[in-house]
1. Output the residue which, of all residues in the range B:203-217 that are closer than 21 Å to residue B:192 by Cβ and at pLDDT below 95, is surrounded by the fewest Cβ atoms within 10 Å (Cβ to Cβ).
2. Test residue B:117 against the criterion of being farther than 23 Å from residue B:194 by Cβ and assigned to a strand (DSSP E or B), and give yes or no.
3. Here are some residues: A:125, A:97, A:150, A:110. Which one is surrounded by 22 or more Cβ atoms within 10 Å (Cβ to Cβ) and either within 20 Å of residue A:221 (Cβ to Cβ) or at pLDDT 95 or above (or both)?
4. Which residue pairs have Cβ atoms closer than 9 Å, lie 6 or more positions apart in sequence or on different chains, and pair a first residue in the range A:300-311 that is without any contact (Cβ under 8 Å) to a residue 60 or more places away in the chain with a second residue that is not in a strand (DSSP E or B)?
5. Quick one: which of A:35, A:27 is more than 30 Å from residue A:124 (Cβ to Cβ), in a helix (DSSP H, G or I) and touching a helix residue (DSSP H, G or I) at 6+ places or on another chain (Cβ under 8 Å)?
6. If residue A:245 satisfies all but one of (1) touching a residue at least 12 places away in the same chain (Cβ under 8 Å); (2) buried (at least 19 other Cβ atoms within 10 Å of the Cβ), what's the number of the condition it fails?
7. Looking at (1) outside any helix (DSSP H, G or I); (2) modelled with pLDDT under 90; (3) buried (at least 20 other Cβ atoms within 10 Å of the Cβ), can you tell me which one residue A:52 breaks?
8. Scan the range B:170-187 for residues that are buried (at least 24 other Cβ atoms within 10 Å of the Cβ) and part of a helix (DSSP H, G or I) and jot them down.
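The values are calculated or read from the model by the stated rules, or taken from the named source; none is laboratory data. All values reported here derive from a predicted model rather than from experimental measurement. When we count neighbours, we look across all protein chains shown, and the Cβ atoms used for this are built from the backbone with ideal geometry, even at glycine.
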C-alpha cells in the first residue's frame with residue numbers, strides 16, 4: 001500500500017487511495033465477474049429478469065445538516081445507486097450501528113426522516129438490524145442500507161457503450177452536499193446559505209431511460225470525489241477522453257465561494273442528488289429537456305463531450321479559455337492554511 | 001474579458017522586447033499558484049512569459065527539522081497535536097502526522113481559536129499548536145497566546161514557526177543566479193502587511209511588486225501591470241486587490257503580532273537561514289512556548305536526497321525537472337513538501353498538467 005501500512009482516512013475518500021484499496025485487497029479475495037465490474041449496483045440474472053442489488057454505509061458527521069440528515073442520506077443514497085444502474089428500486093434494508101449514549105430523540109428524528117424519504121419515493125424498508133456498541137467505539141450513529149430493484153427493460157447502460165461524440169449532462173449544481181458538510185464541520189460562518197442537495201434521483205433516471213432507452217449510455221451519481229472522480233472513472237473504463245467546459249458547469253455562487261475559501265477544487269466535492277448522464281449526441285437536447293422537467297433537474301446542463309484520446313484523460317476548458325487536466329482526487333481533501 | 005487578455009499580451013510583448021528575453025514573474029503565494037493552474041492561465045500566455053512559483057506555501061517552506069520535532073511529540077500519550085490540515089501529510093524522517101492519527105491525538109483545526117477550546121476540553125493533555133503560516137495566520141496565533149495568557153491556561157503550548165514574506169523575497173533577490181524580474185505579491189498576506197511593505201524590495205532591488213487577488217482575470221491584470229512597469233523601466237508597488245488591501249495594511253493585526261512575537265532568524269526549506277524572517281514568542285509568553293516547555297529541539301535538517309523542493313521554491317527549477325517528480329514523488333507518496341500541500345508547486349503541476357507521466361499545457 002502506497003501510503004504506509006495502515007488505513008488512512010483518505011482510503012475512504014472515494015479517490016485514488018480508495019480505488020487502490022479495493023483493487024489490491026477486496027477484489028482479489030472475492031473475485032467474481034459481477035463484483036469486478038465495480039458498477040453502482042450488481043446485476044444478477046433471475047429467470048428473464050435482471051435484479052439489481054446494492055449496499056452502502058453512511059458515516060456522515062454531523063448527523064444533521066442543512067438540507068438533510070444521515071437518515072435521509074442513507075435512503076436516498078441507496079435508491080440512487082439503483083436508479084443510476086437503470087433499475088426500478090423495489091425495497092431497502094436499513095441497519096443501525098448505534099453508539100451507547102446516543103439520545104433517543106436524535107434516533108427518533110433520524111428514523112422518522114429515513115421513513116419520510118422512503119415514503120416520498122414509495123419504496124418500503126423491509127428489513128434491518130440494530131446493534132449498539134460501547135461509548136467511544138463508534139461516532140454516534142452509522143447506518144447501512146441495501147437495496148434491490150428490477151432492471152428497466154429499456155436500460156442498456158455500460159462503460160462499453162460510451163462512444164466519441166456522446167455528450168455529458170450533469171443534472172444540476174455541483175458541490176452543494178460536500179461544502180455544506182464541510183462548512184458544518186469547519187464551523188464556517190456562511191453555513192446557513194449552503195444546503196445539501198441530498199435527494200433521490202430515481203425520477204430523472206427512470207424518465208430518461210423510459211423516453212430514450214439505449215441512447216442513454218451511462219449514468220452515475222457523483223458522490224465522494226465529486227464530478228472529477230466520476231468523469232475519471234468513465235474515461236478509465238471506456239478508453240475515451242472527456243472534455244468539459246467550466247462555463248457550462250452549474251455552481252451555486254456560495255458553494256464556489258466556500259470552496260475557494262478552503263482551497264478546494266469544486267470538481268472534487270461530493271454531491272448527493274445529482275446524476276452524470278452520458279447520452280448519444282442526437283438525443284442530448286431531448287435528454288436535457290426531460291431532466292429540466294424533473295424535480296431535482298431544473299438546473300441540468302450539457303457540460304461537455306466524449307472525445308478521441310490516446311489516454312484516459314479528463315480535460316477542462318476554463319472560463320478564460322485556458323485548459324487543464326482534471327484528475328481523480330487523492331481521497332481526503334484538506335483545507336489550506338491561510 | 002478578451003480586451004483585458006489582449007492588453008496583457010501587448011504588455012508581455014513590450015516587456016519581452018525591452019528585456020530582450022523571457023520575462024520571469026514569481027508568485028509568492030500558494031493560492032495564486034493554484035488559481036493560475038486551476039484557471040489554465042499558463043496555457044493561455046504567450047511564449048516569452050514564465051511564471052515561477054516561489055516560497056508562498058506555508059507547508060512547503062517549513063523546514064524538515066520542524067516537522068521532525070512535531071513528530072517526536074506525536075508519539076507521546078500526554079500530548080494532543082493541533083494542526084492545520086495541510087501539515088498532516090508532510091513526511092518527516094519517521095513518517096507523517098497522517099500516519100500517526102490512529103492514536104487519536106492529532107486534531108485538525110481550521111483556526112487558532114479552536115486550540116483554546118481543545119485545551120479546555122482536554123485538561124489532562126498538553127496541547128501543542130503547530131503554529132505555521134505567514135502573516136495571515138500569525139495574528140490568530142497572537143490572539144491565542146494572549147487569550148491563553150489572560151485566562152492562565154496551563155496546558156497549551158505554541159510551537160511558533162510563523163514566517164515573514166518580505167525577508168524571503170529579499171533573500172531570493174540577493175542570490176547571485178536568481179532569475180526573477182518581478183513579484184506577483186500575495187493577496188491574503190498583503191491584507192495584513194499592506195502594499196507599502198513591498199516598497200523596500202522595489203527600492204533596493206528595482207523589481208516591480210504588484211498585489212493581486214485570486215480571480216484569474218485579476219491575476220492577468222497584475223501580470224499586465226508588471227510587464228508595463230518592466231517595459232517602462234519604472235518598477236513600483238501597485239495593488240489591484242483594492243477591495244481588501246490598503247497601503248498600510250491591518251494596523252490592529254500588525255500591533256498584536258509586534259506585541260506577541262520577536263522577529264528572529266529562521267530556517268526555510270530550500271532557502272536556508274534567512275535573517276529576521278521568523279516569529280518567535282516573546283519572553284512574556286515563555287510558559288506557552290513549546291520549545292522552552294516541552295523539551296523539543298528544532299534542529300535544521302539537510303534536504304532530502306534527490307528532492308529539489310529547494311530549487312523549486314527559489315524559482316531555479318520547474319517541478320518536472322526534478323528527478324523524483326511523478327516517479328518516486330507523487331501526491332500519494334510525497335517525498336518533498338511541495339508535493340504534499342495542495343498549494344505546493346509540485347502538487348499543482350502534477351494535478352493540473354500531468355499527461356502520460358509527462359507535463360503538458362504548463363508552458364515551461
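1. It comes out as B:215.
2. The answer is no for residue B:117.
3. On the way: A:125 fails: surrounded by 22 or more Cβ atoms within 10 Å (Cβ to Cβ); A:97 fails: surrounded by 22 or more Cβ atoms within 10 Å (Cβ to Cβ); A:150 fails: surrounded by 22 or more Cβ atoms within 10 Å (Cβ to Cβ).
On inspection, the qualifying residue turns out to be A:110.
4. Filtered contacts from the range A:300-311: A:310/B:356.
5. A:27 is the lone residue from the list that is more than 30 Å from residue A:124 (Cβ to Cβ), in a helix (DSSP H, G or I) and touching a helix residue (DSSP H, G or I) at 6+ places or on another chain (Cβ under 8 Å).
6. (2)
7. (2)
8. Once the filter is applied, which keeps residues that are buried (at least 24 other Cβ atoms within 10 Å of the Cβ) and part of a helix (DSSP H, G or I), the range B:170-187 yields B:172, B:187.
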